[in-house]
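Reviewing the structure listed below.
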Number of protein chains: 2
Amino acid sequence: MNKTILLILFLCFLNHDARSQNDLSETLNLMPWPKSVVAKPDRFVIDSSLTISIQPKNQERVHNAAVKFLRRLSGRSGVFLNEGFPVTDKQGSIHITYDTASKLSIENDESYTLNVADGAINITAKTDIGAIRGLETLLQLTQNNATEYYFPGVTIYDAPRFVWRGLMIDAARHFQPVGVIKRNLDAMAAVKMNVFHWHLTDDQGWRVESKVYPKLHQEASDGLYYTQEQIKDVVAYADNLGIRVIPEFDVPGHASAILTAYPELGSKEGYDYSIERYSGVFDPTLNPTIDITYEFLGRLFAEMTPLFPDDYFHIGGDENEGKHWDENKIIQKFKKKHDLETNHDLQTYFNIKLEKILNNLGKKMMGWDEIMTPNMPTTTVIHSWRGANEGLPEGNSLIAAAKRGYQTVLSNGYYIDRMEPVENHYLVDPIGDAELTERERSRILGGEATMWSELVTPLTIDSRIWPRTAAIAERFWSQAEVKDVSNMKKRLKQVSFTLEELGITHIRNRDVILRNVTNNQDISALVTLSKICEPLKIYSRNKGGIEYKTYSPFTLFADACVVDAEDAAPFNQAVGRFVSDSNNSSVNEVLAYLKSWAENHDQYKALTKNPKIDPLETLSANLSKTALLLFKAVENKSLSSENLSKIKEGLVILDQPFVDVEVVVIDALNTLTTYCENHYLMN
Amino acid sequence: MNKTILLILFLCFLNHDARSQNDLSETLNLMPWPKSVVAKPDRFVIDSSLTISIQPKNQERVHNAAVKFLRRLSGRSGVFLNEGFPVTDKQGSIHITYDTASKLSIENDESYTLNVADGAINITAKTDIGAIRGLETLLQLTQNNATEYYFPGVTIYDAPRFVWRGLMIDAARHFQPVGVIKRNLDAMAAVKMNVFHWHLTDDQGWRVESKVYPKLHQEASDGLYYTQEQIKDVVAYADNLGIRVIPEFDVPGHASAILTAYPELGSKEGYDYSIERYSGVFDPTLNPTIDITYEFLGRLFAEMTPLFPDDYFHIGGDENEGKHWDENKIIQKFKKKHDLETNHDLQTYFNIKLEKILNNLGKKMMGWDEIMTPNMPTTTVIHSWRGANEGLPEGNSLIAAAKRGYQTVLSNGYYIDRMEPVENHYLVDPIGDAELTERERSRILGGEATMWSELVTPLTIDSRIWPRTAAIAERFWSQAEVKDVSNMKKRLKQVSFTLEELGITHIRNRDVILRNVTNNQDISALVTLSKICEPLKIYSRNKGGIEYKTYSPFTLFADACVVDAEDAAPFNQAVGRFVSDSNNSSVNEVLAYLKSWAENHDQYKALTKNPKIDPLETLSANLSKTALLLFKAVENKSLSSENLSKIKEGLVILDQPFVDVEVVVIDALNTLTTYCENHYLMN
């Protein structure tokens, strides 16, 4: 065959794949969507005889993944398996082979092939990591009918688009115990994420035991820190799941906790450093002009680096406004003496020294994008976070970094604490339409979702991370062309449900909070409200950081509400269909929602009041009143001008924030009102 | 005053207290009920100015308890406190004083006085343990109206009846990770329990890292064990809550796991020891006739005892049937040579050697009641467990042990894994009407609820322990006269709800399981069924241990059901009232339940079927059919003989076990049927 024919055949193959993916993604709830999925007529029935074998045997990662696979499969299918562990004396009906066991790094090969046929499943991979990624895909294939569970016949070839697919959890603002971290690692592995970025210190607390500088955890953590043994335990747990752990020790800013323990390292003499209880950007900053700062960081990092075997080490470096530097005359003199014009130059001076310390300890230094200055060596790794919110173009520093020779990772666009709809993150492509050379492209390692914890506790953090992060995981793993939002949302619904299997509490804890809010009364009235309310977005909940302290209650109505509120999209879509064609069936759907909201206030009123539910009265009453009037208008195709006024009054009220939530069906209600005004208004 | 007047005054005082307790226990949901509670007209309002101070300062237990108190109070009230930590520069509005910090032992003084007045609360205690017990009582006092939260004015004096108030968790049959243990320790502390008995090894697994005998955790745990650091962490966590930790290493029986690792210690040569996957009593037993057994146990216990600083150390010693001893000729010879007539004598020989080993390590040996034999030194502690189920009189060995000079602890009657109603445990008094001398009485230390884990996993264990164990905790703490079941149940309902605050998952995980059972469909039909179904009782679920293996699924309908099913008691009581007076309002209550069950099957049928819900069809259909016919009979006061036959057929079917549950309204339905037959049957 000549090259042209080969090319045509190759394009046909690609095309066939792409077409299959589109069709199959309507029936298979795989996430992230694999590189190539081809259906077969086969079916592998899950019954008690199912067994797993692994070649080579006795390797920890695959063995553990296989055991967990069996437990999860048994739990979700109800099948009593005869064999609860991989079999070693024969080939299992699921057979896993791989070539080499991995030491985790960005070089890891995570590709795998999965073949499901009648009675036999094969997973083959170059590495153990690829094998466990394949097992997760297999589990996502689980389907059932009335009488049996089965895996549908498929041939899958899969490999990730980016090598760095991360989730950052901030354990500083609100401490997150080991159990929280582990269950989130399980969830990450389920959607093939491979980097856990652990934000371990900030103004609000230092969270790691230090034997060299014990005042750090003793005086700057309120007793909430990880022991070194716990760190090792978490790192080993993550390693077993094929997840690298990158610690972050944020310096020289965000340093209130460090300076609470060691004020002599601070930039402002006589300042009364203490653990910060509010959120925001604060002044306490390490003094980059004194030797003891570097001695401290050198010894500290020498203690910390062995706990975190990964090549990369994050030093933060963000949001240092240098106010205390400006106020310190000696620091000003130092800048002059060393020809450091700006505070940014001084921070670069600091960063370059840090980079050498870390380099000597065998680590690549990583930092937020502020560290990218002209003098910064390209051995550092740039973590791009700033965007429109900080007055910069979105994702700009990522492309700039790649072009300037830095390895780089994107978080701008993936700030899940902003409480934005899933598609806002899903549609952010790390590269987009940037034109890059092959070499520049290779420097873009991937991205990280960031879970800053100012407003989350162990009770609520899962519902802020999941399920949206699964869609971000798909962005990092799947091909750029996989970006159909409605198909993603359909698959995400199933992924969200199965995350409960791993202990993720994002669904179950809503009712826990609502039981607390009602003092254990019937929560159904509040459940109805919570399905159309979302927490205030883009940091407006905390009003510049002054409403909530770290020890304020996060057990309130807003904490039970989540992004992508359950009833909002179906209602908004039904209204959209209705106003474009009022004869279609969507009218019944619209009416059903309106009726349920109209009636909901009776249930609300039946609750014995307390100070936690009382502020919802206005929301509940106005929603009920407005929904009832709209219901009548739509049902009777008739609206009086008096009722129109009342509806509009109600909508104005509902458009306000209530107890830190917003009603996210307000636009659809306005649309519906306009429609009724145009079509049903009586003169 | 002469002695008679003093006595009269004293009795009046006692009487006043008792009266107050009875009245107040209708409004205050305290559990365990304190020794003396007197109401005052005062009210302490909970607002942002609330502060806590502690004298002496900086003591860990009280400080930590105070911080947790502030978080829990803020979380449940929604109040944004100005001060999130104990104040040190002034006296707080809640002021705690105590005399001494404790080293935990059975000698600890846990008494406290709590005084709530307008704007000022005082907790005073002899020890820090007493102080933290008082803080839990204060938190239980929290009340609210529509506009504020407050503590009602009271003066409470409190002290426990028994010094040993324990919960045993079996981490061997199903491993329970550290997070499960810690949240249960929190819950124990909330109801003033003070002993965590940790069952760490059994036929199904060895659960502690051993550096001396590493094959134990490496080869006999499936990788599910506590590291020594985790053990220390849990012990320190418990200590902080005033909870002693008693480890149990069960020998010489229940030894399959130990012998999987070290078969040379076994009694049957050439036996293929392996970790047991089923439940039951098994044959593998340590060989008590060879020196290496004692060398092993000596070195092992020398390694383990420093991890568990408590004075007491539990060696199990139960359920050794000695089958392998009988089959071993050398052991038979050994018995003859040492004049050991029975296997029980041989086990006593073994126990006496163990007692010396432990004594040398500074420990008091504790064991299940089989170890109480004529030759056993009275320095051992007898843990009474056997009762009617084992063909013995209930609680018999406890009284016998006390009379024979042993310290003793009761678990017979507190086997919460038997899935019996709460009152069955609540009404078991450790002493009952036994006549004991003061000295004998002092040997009865208290009791322990036992959570054996054959049929529970981390997903379900909380709902098997709680809330019933809170009532058992009251039995151990409160005066014997506190035994009004209906009052206890009223208070227990509130305690159960507040346990969610501590992370206990007994309520939230029901829906997790039902979402799994339905594959994430609307669970309301199954919720309705789960409220009148309970898991099969007294071990009948597992049919002699052969149905469930340790790795079988515990994610099924039975796992969502709990003892004391929510709707059972109200329905059963309503039927009781109805049949004694059919004109009272209970008829409406009865009709409402019948209607909801009659209609429920429509919802059930709307579910897309799968192999997990399919077996509930018969239950749902027959409940619906029978309830509808009964509804008509009661509503119309008329029943045809044809319908009576149908009802009776339905009840026969509903009286069968379905998928490991039983319908617990069956007696009431039968009663109602008989009533209808007697009053409404048409000729």
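The values are calculated or read from the model by the stated rules, or taken from the named source; none is laboratory data. Quick caveat: nothing in here was measured; it's all calculated off a predicted structure. Neighbour counts run over all protein chains shown; Cβ positions are idealised from the backbone, glycine included.
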Query raised in the report: Out of (1) free of Cβ contacts under 8 Å to residues at least 60 places away in the same chain; (2) away from chain B (no Cβ under 14 Å), what's the single condition that is false for A:Glu566?
Result: (2)
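Could you identify the single residue in A:Ala261, A:Ala255, A:Ala238 that is of a type in the set (A, V, I, L, M) and either surrounded by fewer than 20 Cβ atoms within 10 Å (Cβ to Cβ) or closer than 30 Å to B:Pro177 by Cβ (or both)?
Numbers: A:Ala261 fails: either surrounded by fewer than 20 Cβ atoms within 10 Å (Cβ to Cβ) or closer than 30 Å to B:Pro177 by Cβ (or both); A:Ala255 fails: either surrounded by fewer than 20 Cβ atoms within 10 Å (Cβ to Cβ) or closer than 30 Å to B:Pro177 by Cβ (or both).
Step by step, each of A:Ala261, A:Ala255, A:Ala238 is checked, and only A:Ala238 is of a type in the set (A, V, I, L, M) and either surrounded by fewer than 20 Cβ atoms within 10 Å (Cβ to Cβ) or closer than 30 Å to B:Pro177 by Cβ (or both).
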Requested in this report: Only one of these is in the same structural domain as A:Lys363 (by TED's automatic domain parsing) and either in contact with a helix residue (DSSP H, G or I) (Cβ under 6 Å, 6 or more places away or on another chain) or over 21 Å from A:Trp452 (Cβ atoms) (or both): A:Asp250, A:Asp203. Name it.
Outcome: A:Asp203
Requested in this report: Just need a number here: residues in the range B:532-544 that are more than 11 Å from B:Arg418 (Cα to Cα) and either without any contact (Cβ under 8 Å) to a residue 12 or more places away in the chain or within 14 Å of chain A (Cβ to nearest Cβ) (or both).
Outcome: 2
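To keep it simple, each residue is scored yes or no on (1) crowded, with 19+ Cβ neighbours inside 10 Å; (2) over 21 Å from the mean Cα position of the chain (by Cα).
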{"position": "A:Asn542", "(1), (2)": "no, no"}
{"position": "A:Gly545", "(1), (2)": "no, yes"}
{"position": "A:Leu556", "(1), (2)": "yes, yes"}
{"position": "A:Pro570", "(1), (2)": "no, yes"}
{"position": "A:Phe578", "(1), (2)": "yes, yes"}
Requested in this report: Taking only the range A:522-550 into account, find how many residues are in a loop (DSSP other than H, G, I, E, B) and more than 17 Å from A:Tyr415 (Cα to Cα).
Outcome: 9
Requested in this report: Would you check which residues across the range B:440-492 are of a type in the set (Phe, Trp, Tyr) and surrounded by 22 or more Cβ atoms within 10 Å (Cβ to Cβ) and list them?
Outcome: B:Trp466, B:Phe476, B:Trp477
Report task. Please state which one of A:Glu635, A:Glu617 is assigned by TED's automatic domain parsing to the domain that holds A:Gly544, free of Cβ contacts under 8 Å to residues at least 40 places away in the same chain and among the acidic types (Asp, Glu). Result -> A:Glu617
Query raised in the report: Of the residues A:Ala558, A:Ala592, which single one is part of a helix (DSSP H, G or I), more than 14 Å from every other protein chain (Cβ to nearest Cβ) and under 28 Å from B:Val512 (Cβ atoms)?
Result: A:Ala592
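Among what's in the range B:490-521 and is hydrophobic (A, V, I, L, M, F, W, C), within 12 Å of chain A (Cβ to nearest Cβ) and part of a helix (DSSP H, G or I), pick the residue that is nearest to B:Val665 (Cα to Cα).
B:Leu514
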Query raised in the report: within 14 Å of chain A (Cβ to nearest Cβ), surrounded by 18 or more Cβ atoms within 10 Å (Cβ to Cβ) and not polar (S, T, N, Q) - does that describe any residue in the range B:20-37?
Result: no
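Let's see how each residue does on (1) farther than 19 Å from B:Phe151 by Cα; (2) at pLDDT below 95; (3) assigned to a loop (DSSP other than H, G, I, E, B):
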position: B:Leu11; (1), (2), (3): yes, yes, no
position: B:Met31; (1), (2), (3): no, no, yes
position: B:Arg43; (1), (2), (3): no, no, no
position: B:Asn64; (1), (2), (3): yes, no, no
Query raised in the report: Counting only residues that are surrounded by fewer than 17 Cβ atoms within 10 Å (Cβ to Cβ) and touching a Phe, Trp or Tyr at 6+ places or on another chain (Cβ under 9 Å), how many does the range B:85-112 have?
Result: 1
Query raised in the report: In the range B:524-544, is there at least one residue being at positive phi, in contact with a strand residue (DSSP E or B) (Cβ under 8 Å, 6 or more places away or on another chain) and not hydrophobic (A, V, I, L, M, F, W, C)?
Result: no
**Report entry** Of residues in the range B:206-232 being buried (at least 22 other Cβ atoms within 10 Å of the Cβ) and touching a Gly at 6+ places or on another chain (Cβ under 7 Å), the one farthest from B:Leu265 (Cα to Cα)
**Finding:** B:Ser221
Query raised in the report: Among the residues of the range B:455-489, which ones are over 17 Å from the mean Cα position of the chain (by Cα) and outside any helix (DSSP H, G or I)?
Result: B:Gln479, B:Ala480, B:Glu481, B:Val482, B:Lys483, B:Asp484
Query raised in the report: Looking at A:Leu436, is it surrounded by fewer than 21 Cβ atoms within 10 Å (Cβ to Cβ) and of a type in the set (A, V, I, L, M)?
Result: yes
Query raised in the report: B:Ser463 is checked against (1) under 24 Å from B:Tyr157 (Cα atoms); (2) within 14 Å of chain A (Cβ to nearest Cβ) and fails just one. What number does that condition carry?
Result: (1)
Requested in this report: Out of A:Ser582, A:Ser524, report the one residue that is over 25 Å from A:Arg173 (Cβ atoms), within 14 Å of chain B (Cβ to nearest Cβ) and among the small types (Gly, Ala, Ser).
Outcome: A:Ser524
Query - From the options A:Leu628, A:Leu623, A:Leu607, A:Leu639, residue that is surrounded by 15 or more Cβ atoms within 10 Å (Cβ to Cβ), modelled with pLDDT of 95 or more and in contact with a Cys (Cβ under 9 Å, 6 or more places away or on another chain) - result: A:Leu639
Query raised in the report: A:Gln59 is checked against (1) within 12 Å of chain B (Cβ to nearest Cβ); (2) modelled with pLDDT under 95 and fails just one. What number does that condition carry?
Result: (1)
Report task. Confirm whether A:Leu616 is within 14 Å of another protein chain (Cβ to nearest Cβ), at pLDDT 95 or above and under 33 Å from the mean Cα position of the chain (by Cα). Result -> yes
